[in-house]
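Student: Sending over a structure as structure tokens; questions will come in a sec.
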Amino acid sequence: MTRFLLPCVWIAWGLSYPLMSWSLEAVDLFSGRLIIMPTSGLILLALGVWNGAPALPDRRLWGQLALTGLFNMGLFQIFLIAGIATLGPSRTPIIVYTMPTWSALLAVFVLKERITLRIALSLALSLAAVGIIISQEAAARAAPVGTLLTLLAAISFGIGTVLTKRMALAGAPTINAAWQILLGTAPVLVVWLVFARGAYFHPEHGRGLAALAWLILVSNVLAYACWFRIIRALPAAVAGLTTLVVPCIGFGSSALMTAAPVSWLDAVALALIIAAVTLALARREAAKWPREAKT
């Protein structure tokens, strides 16, 4: 089952980066998040209830949902938006997807997971790819704050992944995802209130509205419904590494859809990421998935 969920996440998140640029024709980044997040959360909640799950989680889970929602949704979205605003949508996903590094390292200390040679090599390849991208990115050198904010988005999501795995949230994954999104909207709202002066909404731009619809229904509703099932099924380090396909799709689609330049070093970086994913999803690790899924 996990193997079918992963491609959904890869495509949904990968295409979200260029489509986020298109959505700017209709709405600014922070206002867009305040449309996307609560709408996605409510749709997921409705889907969970429709499938027979209670709308409200057990009372003991609220603190856990708030904490994981803060890192998985709130802080991640704030730092990601700031990174995209500074560095653009093309190479931002490459920097964001250092996330597996932080997930794997935190999993060693928090979850007592073992870093195998396979996982270590995957991490090394992914970091090498990120290094190549950053080394040639003039914007990254000119805007160290933007690069730092994008890295903070990666660290935040890595922390959220490990916390979600550690807490082993009971109940329906769809309901848990919904409430994490809804609770994670609060810090985004606070930041929006600070920067609301630059907010705008242009409903006459059809392409921007279509992109916004994709970000709601596919990049959030579908992707998070799949992602929280993946976290349950796989070790945190492996789950994080599987997302390394996303920057390949994100970078390639951004280059095609936003006419961003692509160099031979970009191709090398993407090849390293593909190698990292191949190692992470090799048969030795894949053989563990059915047992993990039953726990």
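Student: For Trp102, Trp62, what's the fewest-to-most ordering of other Cβ within 10 Å of each Cβ? Don't skip to the end; give the middle numbers.
Tutor: Details: Trp102 19, Trp62 13.
Ranked by crowding around the Cβ, least crowded first: Trp62, Trp102.
Student: On to the next question. Would you list Lys112, Lys165 from fewest to most Cβ contacts within 10 Å?
Tutor: Details: Lys112 8, Lys165 24.
Fewest to most other Cβ atoms nearby, the residues stand as Lys112, Lys165.
Only the coordinates and a few stated rules stand behind these numbers; no lab work does. Predicted, not measured: the structure shown is a model, and the values here were computed from it. In this analysis, Cβ positions are derived from the backbone assuming ideal geometry, glycine residues included, and neighbour counts consider all displayed protein chains.
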